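Where a number appears in this text, it was derived from the coordinates with a stated rule and is not lab data. What you are looking at is a predicted structure, and each value in this text was computed from that prediction instead of being measured. Glycine gets a Cβ as well: all are built from the backbone with ideal geometry, and neighbour counts include every protein chain shown.
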Amino acid sequence: MSTDTSQAPANSPSATELISGILGDLQELGIQHLAMFRTEIQQELRKTSDAVATLAIGFAVLQIGAFLIAFMFVQLLIAMAPQLSAWVCYGIVGALFVIIGATSIALGIQKSRKIQAISSPTAEVIKDDSKWLTNSN
């Protein structure tokens with residue numbers, strides 16, 4: 001009984017076919033990862049647009065309220081300090097609102113600089129796959 005294993009069976013794929021199959025599988029895997037990534041981005045954009053719409057409505061209503069409160073403060077200042085003219089009272093209240101607004105904007109800009117663009121599991125997998133592919137060539 002001879003056990004010669006040096007010859008491959010007649011129906012086994014060649015090395016070229018194996019490599020071609022592996023490359024095809026890698027390409028399909030990359031396409032699937034990109035599709036998942038695109039879906040995640042679309043979902044996040046939908047959430048973001050909903051949040052922006054809600055914020056826009058809130059800011060519009062808030063501006064009306066702030067405008068009315070500013071007038072209230074001016075009238076209060078006129079009543080408490082009748083020696084001041086109305087334009088001085090408007091200037092004082094306006095300056096206070098400008099200082100508060102500018103401080104809020106500066107803090108918002110500072111916080112926005114700490115935001116990272118995209119950090120998702122799919123993005124990490126795509127990065128790992130691309131590193132692996134570039135290192136294997």
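Rg over Rh of the chain, using C-alpha atoms and the Kirkwood radius, what does it come to?
Here the Rg-to-Rh quotient is 1.47.
At 7 Å along Cα-to-Cβ for each site, give me the label-to-label distance between Gln43 and Gln110 in nm.
Each label point lies 7 Å from its Cα, and together they span 3.5 nm.
Excluding residues fewer than 8 places away in the same chain, name every one of the lysines whose C-alpha is closer than 28 Å to that of Lys111.
Output for Lys111: Lys47, Lys127.
How much length is gained if the chain between Ala123 and Ala86 is pulled fully straight, taking 0.36 nm per residue apart and subtracting their Cα-Cα distance, in nm to one decimal?
7.4 nm
If the cut-off is 20 Å between C-alpha atoms, which aspartates and glutamates fall inside it for Lys131, apart from same-chain ones fewer than 8 positions away?
Asp25, Glu28
With angles folded into 0 to 90 degrees, how steeply does helix 15-80 sit against the dominant principal axis of the chain? Use alpha carbons for both and round to 10.
Between helix and principal axis, roughly 10 degrees.
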